[in-house]
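The values are calculated or read from the model by the stated rules, or taken from the named source; none is laboratory data. Note that this is a predicted model, so its numbers are computed, not measured. Positions of Cβ are backbone-derived with ideal geometry, glycine not excepted, and every protein chain shown enters the neighbour counts. SASA here: full protein model, heavy atoms, side chains in, ligands and nucleic acids out. Shrake-Rupley method; radii C 1.70, N 1.55, O 1.52, S 1.80 Å.
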Amino acid sequence: MHFLIRISGKLLHLKKKSIALIILAFIILSATTAFLLEPDTFHNWFNAFYWVMTTMATVGYGDYFATTAIGKVFTIFIYIFGIGLLSLVIGKVIDAMGEMQRRRGAGTLNFHGHNHVILINWSRKTQAAVDEILCYDAKCKIVIIDENGRHPLEQLEQVHFISGDASSDDILLKANIGSARAAIVFSDTRIDEASLSDGKTLLIASSIERIAPQVHTTVEIMQEKNIQNFKHVHVNEFVLSHDAISRLAVRSALQEGNSEVITQLLSRQHGDDIYEIPRSSAWNTYGDAFQALLRQGATLLSDRGDLGINRKLEQPIPADARLYIVADEETYRRIKTG
């Protein structure tokens with residue numbers, strides 16, 4: 001018993017690969033020994049291997065069993081050591097799963113997926129962004145980077161968490177920034193001074209553009225005057241913090257019902273939404289596209305950022321046009337597939 005305790009103690013401190021090799025060697029050696037001891041019982045090596053596995057797993061179907069005294073002694077040996085080794089493996093697997101879950105919650109696991117969306121700095125706005133992304137695509141993988149030491153949405157399997165400073169190359173590489181679909185940098189709500197918050201955002205945006213310039217980057221800016229400082233970073237989109245809320249509040253006060261329309265367009269969770277559609281070869285002018293889409297229940301809204309195309313219905317659609325419509329999801333999917 002003292003010998004078994006010492007052996008078990010040493011095995012517990014071995015690395016997982018070493019334990020796996022020891023168990024594999026033990027099974028192969030045991031199957032070979034069993035076959036050599038009782039060739040008439042097992043007939044071939046595979047049957048002996050099968051018997052060793054069922055014995056170690058405590059299944060014991062009884063279709064093969066030792067008949068000689070030395071074979072029974074060897075069976076007792078497998079009971080003691082084999083079942084102990086299997087229990088050790090099961091314990092290691094459970095421990096590894098628990099460790100993986102702990103590391104996931106602590107944000108120390110690297111992300112290896114592709115075409116994911118990275119959200120930087122956790123806040124209520126980040127929470128809303130997660131909800132909106134999953135509303136667009138429930139299977140979309142999301143990576144949150146924040147200096148908080150705990151996963152904010154551990155219950156969501158498709159949301160991965162990286163703990164650390166997003167301006168650090170190591171942290172961005174942990175989030176697999178090079179394979180990301182997009183990155184959104186929210187202002188750090190823990191910084192009270194707006195200029196300092198924009199400074200940190202600029203540092204993060206610079207790191208992203210240097211490591212992965214192909215990733216579509218959107219940043220939240222606290223002060224409009226700081227937008228000029230981001231021009232050289234080649235950020236794709238800017239969102240001025242609080243500006244949209246202020247404008248929406250004014251429109252709601254001066255034009256009743258205006259805010260409800262804008263709210264629908266801002267979130268896919270409410271009413272119709274804005275979708276980009278491919279250009280049909282049958283459309284020569286904006287008017288052709290407008291009328292064809294109208295018959296299908298959609299309204300042509302813009303070509304890229306040009307909202308005035310309803311005054312250009314006679315103009316031909318350029319080859320590089322990107323057309324956006326207002327419609328519900330069912331109509332959009334019907335137009336896209338058709």
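A few notes on this one:
- Looking at the stretch 32-123, the helices (runs of 4 or more DSSP H) lying wholly inside it that each contain 3 or more residues that are under 30 Å from Phe161 (Cβ atoms) and β-branched (Val, Ile, Thr) sit at 83-106.
- Looking across the stretch 152-172, the residues that are of a type in the set (Asp, Glu) and either modelled with pLDDT under 90 or within 15 Å of His112 (Cα to Cα) (or both) come down to Glu154, Glu157, Asp170.
- Leading residue by the ranking (surrounded by the most Cβ atoms within 10 Å (Cβ to Cβ)) among those in the stretch 184-208 that are outside any loop (DSSP other than H, G, I, E, B) and β-branched (Val, Ile, Thr): Thr201
- Here Ala20 clears all of (1) small (Gly, Ala, Ser); (2) open to solvent by less than 50 Å² (accessible area, probe 1.4 Å); (3) under 32 Å from the mean Cα position of the chain (by Cα) except the condition numbered (2).
- Meets criteria (more than 20 Å from Glu209 (Cβ to Cβ) and among the aromatic types (Phe, Trp, Tyr)) for Phe161: yes
- Tyr79 being in contact (Cβ under 8 Å) with a residue 24 or more places away in the chain and open to solvent by 40 Å² or more (accessible area, probe 1.4 Å): yes
- Among (1) buried (at least 16 other Cβ atoms within 10 Å of the Cβ); (2) modelled with pLDDT under 90; (3) of a type outside the set (A, V, I, L, M); (4) part of a loop (DSSP other than H, G, I, E, B), the one test that Gly149 misses: (1)
- The stretch 297-338, subset of a type in the set (A, V, I, L, M) and loosely packed, with under 14 Cβ neighbours inside 10 Å, residue nearest to Asp272 (Cα to Cα): Leu307
- Residue that is surrounded by the most Cβ atoms within 10 Å (Cβ to Cβ), among those in the stretch 94-127 that are among the β-branched types (Val, Ile, Thr) and out of contact with any Lys or Arg (no Cβ under 9 Å at 6 or more places or on another chain): Ile120
- Scanning the stretch 164-177 for residues that are surrounded by fewer than 22 Cβ atoms within 10 Å (Cβ to Cβ), of a type outside the set (Asp, Glu) and over 14 Å from Ile142 (Cα atoms) yields Gly164, Ser167, Ser168, Ile171, Leu173.
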